[in-house]
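S.K.: Mind looking over this structure? Questions follow.
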Amino acid sequence: MANQLSQIKHIVQLMLENRSFDQMLGFLYDGNRKTPSGAPFEGLTGDESNPDDSGRNVAMSKITAGMANAYFKPGADPGEGFYNTNMQLFSTMHPAAGTKPSNRGFVLNFKSAIDYDIAHHYSDSLPGTQSADIMQMYTPDMLPVMSALARGYAVCDQWFASVPTQTVPNRAFAAAATSQGRLDNHVKSFTCPSIYGRLADNGIDWAIFGYNRAPLTRTDFPDTLHADESHFGLFPDFQRRAASGELPAYTFLEPDFSANGNSQHPNYDVAKGEQLIYQVYRTLRSSPAWNDTLLIITYDEHGGNYDHVAPPATATPPDNSIGEFDNFDFARFGVRVPSLLISPRIEAGTVYRAQSGTIDHTSVLKTIEDRWNVPPLTKRDAAAPSLADVLTLSDPRADDPLASILPPQSGPDGSRPNVSTPSTLERIHAWRVSKLPIPDEHGRFDHVQPQLNTSAEIGEYIRDRTAAWDSHLRKVRS
């Protein structure tokens, strides 16, 4: 039977932050590498380990509800950049060409991250955090929403980040199928077209929703930055449009990127991310367009968290860009990330893998391009496998895998220091809006970003500058 992609009218993507597949879904089938129906599943057995700085193997362990700060593991922010990822995968920053990853450097690299925080007097780490904590994994009872959706619809156990490095380059690949050679979060913006502009060029509607402030993605590309404000909104706007059945063809959802938010970035509150996933699912399932909707939940990159699967070196370079570090050729994927495909047109208990090629973030772009006959952005999304074949049911299901599931709470002992301190992405967002060419009352373009010391101050600044940008664009267009 042909896949049912033609029946999908709305693709909705929620991209969370910085978690590996093993950490969130490795124990989905309780240490078995098969589902109850016998399908292969590349999860954890519980026998995995990683060496520490003494050469002792640190064994895998499970995070349990009785642990202090269980939803704030691994307790500190692991290294996540290009060289940190190399250390985690190859145990060296500069692997020789052709070297195969062993995934044996996670404990050692996490120790370096903890030591760095101590040396620089950072106080974001939880007391008692140890390098061995990077080998602690969540279990289905700790993540009931994600786990029920993974079992009730489809989980992708071979979905890799697009590039072995940080958030901003991976989010660029998710929208534009390239990072234009950039490999860290310091990039200010990109100059290439994105899927949003490509859709607009073909008369197809789209939207980007931030959770509680204007979306960061809007500032990434020229075709989003100059798009009409009707394409953007906050989470309540998403909920209203879904309830009325008026979502566009493609919707991209951002979490709250603050340290007190729901992005699940280490070491933020993972329970809040579960609550967000639950909100998104409930919003869409109650929508009149539910039977025609595909919800994709994934994470931009692994964030330094342990995964046992070596990323393939079979990626198609997107363009002629040469990586800014070590002349990286973009032929190697990043680490596996948790990914769910949710639709009433998907059979329960599915473990979805591409029949050919490797799934990465650009597979979402390929699916959008196939559904609405939109040309590819780069060689990467042109070569990416589509997700369409997961849609096997011509008659939509009516059951609800979350019927008896409620999202968890972090508990009264749940805490993280310095939740008011701005996160990296908040600071990037503030810098970007500070550079918007908005004339002041005298027609000058000499705005200087004020000192912003708290997340709340950054939120107000982003709100006000974005509103001023929209006002400026309306005047220009009139």
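Where a number appears in this text, it was derived from the coordinates with a stated rule and is not lab data. Everything numeric in this text was worked out from a predicted model, so none of it was measured. Every residue, glycine as well, gets a Cβ built from its backbone with ideal geometry; the counts of neighbours run over all protein chains shown.
S.K.: Pick out, from Ser54, Ser410, Ala200, the residue whose Cα sits farthest towards the positive end of the charge dipole of the chain, with +1 on the Cβ of Lys and Arg and -1 on the Cβ of Asp and Glu.
M.R.: Result: Ala200.
S.K.: If you don't mind, another one. With 10 angstrom as the radius, rank Leu25, Leu149 by how many other C-beta atoms surround their C-beta, starting from the fewest.
M.R.: Result, fewest neighbours first: Leu149, Leu25.
S.K.: What helices does the chain hold that run 18 Å or longer along their axis, going by alpha-carbon atoms, with a Kyte-Doolittle average of -1.0 or more, using DSSP H for the helix calls?
M.R.: Membrane-span-like by this rule: 106-119, 270-285, 455-477.
S.K.: Moving to a separate point now. Provide the descending list of Cα extents for region 364-476 along its principal axes, expressed in whole angstroms.
M.R.: That works out to 60, 50, 27 Å along the principal axes.
S.K.: Per 10 Å bin, what is the whole-percent P(r) computed from every C-alpha pair distance within region 32-150?
M.R.: Going from the shortest bin to the longest, the percentages are 12, 35, 35, 15, 2, 0.
S.K.: Same structure, new question: With Kirkwood's inverse mean 1/r over C-alpha pairs for Rh, give me the Rg to Rh ratio of region 424-477, two decimals please.
M.R.: Reported Rg/Rh, Kirkwood definition of Rh: 0.99.
S.K.: Taking the Cα centroid of region 149-213 and of region 1-36, what is the distance between the two, rounded to the nearest whole Å?
M.R.: 17
S.K.: Now for a separate question. For region 165-221, compute the orientation-averaged projected area of the C-alpha convex hull (one quarter of its surface), in nm².
M.R.: So the Cα hull casts an average projection of 4.2 nm².
S.K.: Take His121, His472 and order them by how many other Cβ atoms sit within 10 Å, fewest up front.
M.R.: Listing His121, His472 from fewest to most nearby Cβ atoms yields His121, His472.
S.K.: Report the charge-dipole magnitude of the chain in Debye, nearest 20, computed about the Cα centre from +1 at each Lys and Arg Cβ and -1 at each Asp and Glu Cβ.
M.R.: Once rounded to the nearest 20, the dipole reads 540 debye.
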